[in-house]
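Below: the structure, in structure tokens.
The values are calculated or read from the model by the stated rules, or taken from the named source; none is laboratory data. None of these values were measured; they are calculated from a predicted model. Cβ coordinates were reconstructed from backbone atoms using ideal geometry, including for glycine residues, and neighbour counts include every protein chain displayed.
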Amino acid sequence: MTRTTENIRNIAIIGPYSAGKTTLLESLLFLTQATTRKGRIEDKNTVGDSSPEARDHAMSVELAIASTTYQDIELTFLDCPGSIEFLQETYNALVGVGTAVIVCEPETERILTLSPLFKFLDDWNIPHIVFINKMDRAKNNFLDVLAALQKASNRPLVPQQYPIRKEQTLLGYIDLVSEQAYHYHPDSPADPVPFPEELHVEEKITREEMLETLADFDDELLTMLLEEVAPSSEKILQDLRQELSADQIVPVVFGIATQDYGVRPLLDILVQEAPAPLDTTARRELKATPGETVVQVLKNFYTPQGGKLSLVRVWQGELQEGMLLNGLRPGGIYQLMGSQQKSVQRAITGEIVALSRLEEVKVGETLSSGGKPVQSLRTATVMQPVYALAIAPENHKDEVKLSTALNKLIDEDPSLAWEQHGDTHEVILWGQGDIHLQVALERLRRKYNLPMTTHLPRVPYKETIRHGGTSHGRYKHQSGGHGAFGDVYLDIKPLARGSGFQFHETIVGGVVPKQYIPGVETGVREYLSEGPLGFPVVDVDVTLTNGSYHAVDSSEQAFKQAARIAMTEGMPHCEPQLLEPILVINIYIPNEFTANALQLISGKRGQILGYESLTDWRGWDHITGYFPLAEMHNLIIELRSLTFGVGFFDWQYDHLQEVPDKVSEQVLATLG
């Protein structure tokens, strides 16, 4: 078979945790004979979830790639993590695919967890299909499940099948295009059976709704329905293909992936209805010179052997071994099958392959073979970290290589971040949740031999004063030869919040010579790094009002010491006040949970500034408030617990605020 772009399909398998995505991939690969046996998650032998971290946690924690062929069409599947904590991996992968298969369970209460995925797909105009898995466990009526799905999707759903059930057992399905009924059989394709007359009314209503939805986008079909002319199966398939490719509809099918039920019909839809690569390229509005090779990085991997692989989508042209991309020469081109790599000489438009040794290339970057860089393609927004741990190497000698290892982790997963905090001097690792950070720490240990100790980050408290005062400091030291003498009087006053530190002098008559005044300011500043409560001092004004000096023994250093003595004596009498960082947070949640979220914020000393409907998220609210950084650590965990895992927030530092007296006493007691 001649390989052409027209024969390539790239499909992301997405959905919430435990929906059965990796199991579906195993079925797809087995039925298309890409593998000789189906792996099982509990046996830790699946093509997806091949990393040690995925197998230890029994869940997908990073992207997995696998390819197969079905009816002369090359299918590349990107199996994406389902946990909300690894959603960045999914978003980055979706940038490069032509179609997504959303895998979900037939539980109406859990369909809410699909909202962020539907929203991303709609925003990017990515064609998508819903595969309702685990239909043997369905507790809800099929039409009720469809109705719940429709609430989560801005695109109209189009069921292509209707289930045939006997009590709780799924026997087969009716193809709503051909109206042919089928029964499932273990280890073999479903076979046609007579139409079950007891389902005639339900099937007829569902099929008419399907056709009416398709007719909303096709005047010819609308005319046929108005004139009561039955459309042919070919006409219906044509509409499904066109409207799916244009991301106007969402086809829905179902099955049981563990038994391969419904997987063959899904394959047929992917082959017959999913858009070809050039359709996807057109949607991305690529601006490049014809004939130029253009690729985009979807994911970076650091292999156990230490080499870097960059997963790329070829958007235009042909990728050849030895070709320069943005002036860089990849070490090789590889097709990936789980953890396995296969070297190839070339890759054509539409393929997703891995390139080695592109050391400086970041996720989302656009690379081209031309002499000048092309306009960068759109990339997925990097999620802001919301959960943090302070980390330190178990072996202090490893501190020198920690930053390099952390930067590699972030190169693989941009939703991680790290910082060396300027106030607390801790190395803080930021991520999307507890499991996300635990996986990152496991990778540090396994890949880079860097076992870590962890603790909650210290809150970078500051302190100020409630009222002013005066203070006198004298430093006198005599030890033979020249001595040391400095004498100062300071006036200490509080400033408005956010003013910082100000220093003045009102010296008259030269009682403190000008050359010694900088030493006074230096001494004050050094003291302010740790005030009476043990934290950096802010928002104070210090004025040098008087003093004295010795013609021989005085020096700038002596006056610096005198200033420190004056501050040490004077500040405790100015009623020190603990300050804490306050954030502005924006919380996004389904409106059915708004009341609980408001209680959560208030219960953590937050201040509600307001809430309103989220305009581009149907049924969601946006809450704005002030929130203490000290209360932030578990906020994302509790928010997700309230909202079936879908609630999220972003934040930024806003101001310092006085800590309530009771809380301040608790903080100081723990330090003391």
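General remarks:
- Some residue of segment 504-517 being outside the structural domain of SER664 (by TED's automatic domain parsing), closer than 30 Å to VAL459 by Cα and part of a helix (DSSP H, G or I): no
- Test set (1) under 14 Å from THR366 (Cβ atoms); (2) modelled with pLDDT under 90 - ARG313 fails condition number: (2)
- No other residue among ASP616, ASP654 is of a type in the set (Asp, Glu) and at pLDDT below 95 apart from ASP616.
- Some residue of segment 209-216 being surrounded by fewer than 15 Cβ atoms within 10 Å (Cβ to Cβ) and not in a loop (DSSP other than H, G, I, E, B): yes
- Residue that is surrounded by the fewest Cβ atoms within 10 Å (Cβ to Cβ), among those in segment 479-496 that are part of a loop (DSSP other than H, G, I, E, B) and touching a residue at least 60 places away in the same chain (Cβ under 8 Å): HIS482
- For ALA54: the one exception among (1) within 19 Å of ILE256 (Cα to Cα); (2) free of Cβ contacts under 8 Å to residues at least 40 places away in the same chain; (3) in a helix (DSSP H, G or I): (1)
- Criterion: without any contact (Cβ under 8 Å) to a residue 60 or more places away in the chain, at negative phi and more than 25 Å from the chain's Cα centre (by Cα) - qualifying residue of THR32, THR36: THR36
- Per-region count, segment 230-260, residues farther than 22 Å from LEU31 by Cβ, among the β-branched types (Val, Ile, Thr) and in contact with a Ser or Thr (Cβ under 8 Å, 6 or more places away or on another chain): 2
- Look at (1) of a type outside the set (A, V, I, L, M, F, W, C); (2) free of Cβ contacts under 8 Å to residues at least 24 places away in the same chain; (3) closer than 24 Å to ASP279 by Cα and you find that ASP191 fails only one, number (3).
- Residue within segment 340-349 that is on the phi > 0 side of the Ramachandran plot, in the same structural domain as LYS308 (by TED's automatic domain parsing) and small (Gly, Ala, Ser) present: no
- For segment 652-672, a residue qualifies if it is touching a residue at least 12 places away in the same chain (Cβ under 8 Å) and in a loop (DSSP other than H, G, I, E, B), and the qualifying residues are VAL659, PRO660.
- The residue pairs whose first member lies in segment 426-437 and is among the acidic types (Asp, Glu), whose second member is assigned to a helix (DSSP H, G or I), and whose beta carbons are closer than 7 Å, counting only pairs six or more residues apart or on different chains, are ASP434/ILE637.
- Of the residues ASN596, ASN591, the single one that is over 24 Å from LYS662 (Cβ atoms), surrounded by fewer than 18 Cβ atoms within 10 Å (Cβ to Cβ) and out of contact with any strand residue (DSSP E or B) (no Cβ under 8 Å at 6 or more places or on another chain) is ASN596.
- Within segment 325-345, the residues that satisfy the criterion of being assigned to a strand (DSSP E or B) and within 26 Å of LYS372 (Cα to Cα) are LEU325, LEU328, ILE333, TYR334.
- Count of segment 613-629 residues which are among the small types (Gly, Ala, Ser) and surrounded by fewer than 18 Cβ atoms within 10 Å (Cβ to Cβ): 2
- Taken over segment 560-574, the residue count meeting the criterion of being of a type outside the set (Val, Ile, Thr) and out of contact with any strand residue (DSSP E or B) (no Cβ under 6 Å at 6 or more places or on another chain) is 5.
- Flag for GLU526 being under 24 Å from PRO576 (Cβ atoms) and not β-branched (Val, Ile, Thr): yes
- Whichever residue in segment 443-466 is part of a loop (DSSP other than H, G, I, E, B) and in contact with a helix residue (DSSP H, G or I) (Cβ under 6 Å, 6 or more places away or on another chain) and, among such residues, is surrounded by the fewest Cβ atoms within 10 Å (Cβ to Cβ): PRO451
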